[in-house]
1. Within region 113-156, take every residue that is out of contact with any helix residue (DSSP H, G or I) (no Cβ under 9 Å at 6 or more places or on another chain) and not in a helix (DSSP H, G or I) and give me the one that is farthest from W231 (Cα to Cα).
2. Out of the residues in region 118-131 that are open to solvent by less than 10 Å² (accessible area, probe 1.4 Å) and either modelled with pLDDT under 95 or under 15 Å from L239 (Cβ atoms) (or both), which is farthest from the chain's Cα centre (by Cα)?
3. Would it be correct to say that A286 is over 24 Å from the mean Cα position of the chain (by Cα) and surrounded by fewer than 23 Cβ atoms within 10 Å (Cβ to Cβ)?
4. Look at region 226-254 and say how many of its residues are over 30 Å from S192 (Cα atoms) and in a helix (DSSP H, G or I).
5. Can you tell me which condition G179 does not meet? The list is (1) of a type outside the set (S, T, N, Q); (2) without any contact (Cβ under 8 Å) to a residue 12 or more places away in the chain; (3) in a helix (DSSP H, G or I), and all the others hold.
6. Conditions: (1) open to solvent by less than 30 Å² (accessible area, probe 1.4 Å); (2) under 28 Å from the mean Cα position of the chain (by Cα). A223 meets all but one. Number of the miss?
7. Among the candidates F254, F258, single out the residue that is at pLDDT 90 or above and closer than 16 Å to P202 by Cα.
Amino acid sequence: MSVQAPERAQDPASQTTPATAAKPNRLRTPRRPGQLGWLASTPAIIIGLLFTVGPLIIIVLFSFMSRPPQGGGVVYDFTLDPYIGFLFQSDFVGNTTFDPRYLQVFGDSLWQALVTTVICLLLSFPLALWMATRSTKLQNFLVLIVTIPFWTNLLVRTYAWMLILNDNGIINNASSALGFGKMELLYTPFASQLGLIYTFLPFMVLPIYASLAGFDFRLAEAAYDLGARKWAVIRRIILPIATPGIISGVLLVFMPAFGSYVQPVLLGGGKVLLIGNLIASQFGDARNWPFGAALSVIILVMLMIALMAIAFYSRKSGRKVEISL
């Protein structure tokens, strides 16, 4: 006589039906507090596309259009004449020759932007390094001092420099009182360069300071204790830490200075033709919208090349470079 063991009662939770077993187990990522879905951010995305990407698309399209016989605007006929006109000029007979005039304008703009960037870098690095070594309260106060120019409009600040540099300004009055006579400062390339340096100096200081602010300077002190000299510490310890901020600051200064318009016109008096003045004149007095758009596209391409180079450097070196203040 055999005795069978009683069957164990199965847990209802462990019992699965064929429908339940076939259903995939999809895990939903829990939404963090305050996080909005795609639907809620749709208006912001639409506004961003309309007011950022939209104008860029229009400029690119206009650069491939034809110029009307009279007046401004464009004729919707595809052509490469705006880009050809950047390097070549055609006469009434139809002969095409190389024209370096616009290349000279680009060269002058590049030189002024390069000088602005180098001087801003030379002034900003010691200042940012000094700010990063102060106490926390003093650092906050110094950052406030650096950002004060952003509180007022650029046009107002430029007019203030016009009052300082004119014949009856502070500098010329002081020069006359010391017996040196008055100097011609306003409406000169020097005034334009000075305005650019003043305008873009904070754009170089803040990224470098942001890179150095979190650095533990006790490592530099340890290097001094081990016998390292000042320039060796700066070159091998501090500069590698500040490199992402330097790259960010160079781009934030160079590209706006390259296409600047206000300072060369108001402080320089428009005596030197730069790329910003040239683009404004094409959309204004010359009424050659396709050529002005083509010049703008060339600047955009230069900016894209610079961003690609920075991205390549960031990937190659393993350092994160952020183009922000």
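The values are calculated or read from the model by the stated rules, or taken from the named source; none is laboratory data. Here the structure is a predicted model, which means the values were calculated and not measured. Neighbour counts run over all protein chains shown; Cβ positions are idealised from the backbone, glycine included. Accessible surface is based on the protein model in full, side chains and every heavy atom, while ligands, DNA and RNA are left aside. Shrake-Rupley method; radii C 1.70, N 1.55, O 1.52, S 1.80 Å.
1. N153
2. Restricting attention to region 118-131, the residues satisfying the condition of being open to solvent by less than 10 Å² (accessible area, probe 1.4 Å) are 120, 124, 128, 131.
With the extra rule that they be either modelled with pLDDT under 95 or under 15 Å from L239 (Cβ atoms) (or both), the set shrinks to 124, 128, 131.
Values: S124: 16, A128: 19, M131: 23 Å.
In this case the residue turns out to be M131.
3. Working: over 24 Å from the mean Cα position of the chain (by Cα): yes; surrounded by fewer than 23 Cβ atoms within 10 Å (Cβ to Cβ): yes.
When the stated conditions are applied, A286 passes them.
4. Taking region 226-254 and keeping what is over 30 Å from S192 (Cα atoms), we get 226-241.
Checking which are in a helix (DSSP H, G or I) leaves us with 230-241.
The number of residues fulfilling the criteria is 12.
5. Unmet condition: (3).
6. The one condition A223 does not meet is (2).
7. F254
Yes/no per residue for (1) assigned to a helix (DSSP H, G or I); (2) over 25 Å from L267 (Cβ atoms); (3) at pLDDT 85 or above:
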| site | (1), (2), (3) |
| --- | --- |
| A160 | yes, no, yes |
| L163 | yes, no, yes |
| D167 | no, no, yes |
| S175 | yes, no, yes |
| L212 | yes, yes, yes |
| Y224 | yes, yes, no |
